[in-house]
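A short worksheet on the structure shown next.
The values are calculated or read from the model by the stated rules, or taken from the named source; none is laboratory data. This is a predicted model, so every value here is computed, not measured. Here the Cβ is made from the backbone with ideal geometry for all residues, glycine too, and neighbour counts use every protein chain on show. Just the protein is used for accessible areas: all its heavy atoms, side chains included, with ligands, DNA and RNA removed. Shrake-Rupley method; radii C 1.70, N 1.55, O 1.52, S 1.80 Å.
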Amino acid sequence: MNFMILMDILGNPGTSMSELAKRVGISKPQLSRSVSKLEDLHMIKRVHNTENRRNVNVYPDKEGSDLMAQQFLRVANRLDKTLSALSSEDRARLVPLMTESLEILSKAGIVQQ
């Protein structure tokens, strides 16, 4: 669950705790516990909203950003290695197909772009 929360915050920096709880699909108390753990690990930080101090926004911290950058690099390297078995023509065909698939999944609310 913490990984999903961190991914969401990286994609939506400055999101409110309420918005984050809705998107991730957990209760506010459960989110608060998870956010506290991520904050203790310096993955994210909470900042009181300047317009309404009752609202708290969450942002990625350096450790969280660095960790996710490393993860994305690992995935990209693994994907590159796996796709190297395909011909250049097949790889060229795959890109628009994957793009279209992501657009459809985004419309269904399965992924965020």
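Checking every one of the GluC sites (Glu not before Pro) in the stretch 37-81 against DSSP loop status and a limit of 16 other Cβ atoms within 10 Å picks out 51. Each residue, residue 93 and residue 46, gets one label point 7 Å from its Cα in the Cβ direction; the gap between the two is 5.2 nm. Have a look at 62, 37, 81 and tell me which one the Gaussian network model of the chain (Cα, springs below 10 Å) gives the largest fluctuation. Taking springs between Cα atoms under 10 Å, the residue moving most is 81.
The alpha-carbon of residue 45 sits under 18 angstrom from the alpha-carbons of these aspartates and glutamates, leaving out residues fewer than 8 places away in its chain: 8, 19, 61, 63, 66.
The residues of the chain expose, per residue, 73 Å² of accessible area to a 1.4 Å probe. Carbon and sulfur: what percent of the stretch 15-73's accessible surface (1.4 Å probe)? Whole-percent figure for carbon plus sulfur exposure: 50. If one puts a single equal scatterer on every Cα of the chain and applies the Debye formula without solvent, what log₁₀ I(q)/I(0) results at q = 0.10, 0.11, 0.14, 0.21 Å⁻¹? The computed values of log10 I(q)/I(0) come out as -0.41, -0.48, -0.70, -1.13. Look at the alpha carbon pairs under 8 Å that are at least 6 residues apart: their mean separation over the length of the chain gives a relative contact order of 21 percent.
Placing a pseudo-label 7 Å from each Cα along the Cα-to-Cβ vector at residue 30 and residue 56 gives an inter-label distance of 1.8 nm.
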